[in-house]
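To keep things clear, I will list the structure first and then write my remarks on it.
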Amino acid sequence: LKAALFTTYDGADERLLVEHLLPLLLKLGHESESEGKERQSFLLELDRRLKELHDRLVVVSSTVREEDAEPHEGDSSTYGWIWRSIRHLTVGSQRKAVQHAKLWLLHWGAADAGGSEFLEVVVSSANLTMSAFKGQVQAAWRACVELEPRKADARLRTWGILPDFLGALADSARAADGFTPFLELLARAECPGGVSFVASVPGTHSRQDLRRTPWGAAGLGTIAPRGKATVTASILSPYVGSWTEDALRRWC
């Protein structure tokens, strides 16, 4: 793993990152659930790998952390040190904003400079929280595309509104430098054929703005096939548990 961008609504759960996600992505040689010297070796190896990737792992969320989250063994009091190497950005630097997308961009490559490199793109319904991975049913779309040696504006345009979405996040977080490497990765790869992205960002947009950058429903209009046939959309919703009438109405 050479770099990664993760977006989440809730603040990322350090326990999820340290005990589950990072060991998987970094292919660590020790187990997080080990004890004694084995666990110490795991934490030292994780710390070393994170230092090697300093500021190349970026997490974007609406909040730093949920204040009312239930405390877990091994939460921020134990694992808060990971943020010395992982860059955590929050939206809303200029005005109140919400980051609700769940997008992962993972840059993979061989250890030597001559090896192939790949960009893995994941769009899912999962936040970076333990409950999202352990107690909820999620859905995801994934693609892995090979990276070209050089970036090109023509390749960047094949990703549609996705680069503009990253730009909007950068503006809201006031951290353009945190997103530039990932825009450059998109410019080194062709978007998979037949794929169109739709995204929404906070704010009020004029018709002129939406013609230039079609957010939300305007974006759905641009990808709908031409003609008079009926177009349907599938909406993912939670179905394990119970709904009150008021909660269902508000969700709709």
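The values are calculated or read from the model by the stated rules, or taken from the named source; none is laboratory data. Keep in mind it's a predicted model, so treat the numbers as computed, not measured. A quick note on method: Cβ atoms are made from the backbone with ideal geometry, for glycine too, and the neighbour counts reach across all protein chains shown. Surface accessibility is based on the protein's heavy atoms, side chains included, excluding ligands, DNA and RNA. Shrake-Rupley method; radii C 1.70, N 1.55, O 1.52, S 1.80 Å.
Per-residue packing, averaged as other Cβ atoms within 10 Å, sorts the ranges 86-92, 26-32 into the order 86-92, 26-32, beginning with the highest. Considering only alpha-carbon pairs that sit under 8 angstrom and 6 or more positions apart, the relative contact order computed for the chain is 18 percent.
Summing -39500 (n - 2.57) over the DSSP H runs of n ≥ 4 in the chain and dividing by its residue number, what mean residue ellipticity at 222 nm do you reach, to the nearest 500 deg cm²/dmol?
Numbers: 10 runs with 80 residues, N = 252.
That comes out to -8500 deg cm²/dmol.
Applying the Karplus relation 6.51 cos²θ - 1.76 cosθ + 1.60 with θ = phi - 60° to segment 174-182 yields 3J(HN,Hα) values of 6, 8, 4, 5, x, 9, 3, x, 7 Hz, where x marks Gly and Pro. Taking square-rooted eigenvalues a ≥ b ≥ c of the alpha carbon gyration tensor, is segment 158-252 rounded, prolate or oblate, where a/c under 1.5 means rounded and, failing that, a/b exceeding b/c means prolate? Cα axes put segment 158-252 in the prolate bin. Once label points are set 7 Å from the Cα along Cα→Cβ at both ALA217 and SER124, what is their separation, rounded to one decimal in nm? Those two pseudo-labels are separated by 3.1 nm. Ordered from highest to lowest accessible area with the whole protein assembly present and a 1.4 Å probe, CYS252, CYS191, CYS144 read as CYS252, CYS144, CYS191. Each of PHE197, PHE165 has its accessible area taken with a 1.4 Å probe; listed largest first, they run PHE197, PHE165. Scalar couplings 3J(HN,Hα) for segment 214-228, obtained by applying the Karplus form with A = 6.51, B = -1.76, C = 1.60 to θ = phi - 60°, are x, 7, x, 4, 4, x, 4, x, 6, 9, 5, x, 6, x, 10 Hz; x denotes Gly and Pro.
Can you figure out the FRET efficiency of ALA229 with ASP177, using R₀ = 51 Å and their beta-carbon distance, to the nearest 0.05?
Working: r = 45 Å, r/R0 = 0.89.
That gives a FRET efficiency of 0.65.
Averaging 1/r across all pairs of distinct Cα atoms in the chain and inverting the result yields a Kirkwood radius of 20.1 Å. For a paramagnetic label modelled at 7 Å from the Cα of ASP209 toward its Cβ, which residues of segment 130-173 fall within the zone defined by backbone nitrogen distances under 20 Å? So the set is 161-173.
Based on protein heavy atoms only, the chain ends up with 61 Å² per residue of surface accessible to a 1.4 Å probe.
Note on segment 123-162: semi-axes of the ellipsoid equivalent to its C-alpha gyration tensor, largest first and rounded to whole Å, are 32, 11, 9. Using the average count of surrounding beta-carbon atoms within 10 Å as a protection proxy, the listed peptides 157-163, 40-46 rank, highest first, as 157-163, 40-46. Each label point was placed 7 Å from the Cα along the Cα-to-Cβ direction; for GLU245 and GLU184 their separation is 5.8 nm. Dipole of the chain (Lys/Arg Cβ +1, Asp/Glu Cβ -1, origin at the Cα centre): which of SER196, SER131, THR180 lies farthest to the positive side? Among SER196, SER131, THR180, the one farthest towards the positive end of the dipole of the chain is SER196. The packing ranking of peptides 56-62, 222-228, highest mean first, is 56-62, 222-228, where packing means the average number of other beta carbon atoms within 10 angstrom of each residue.
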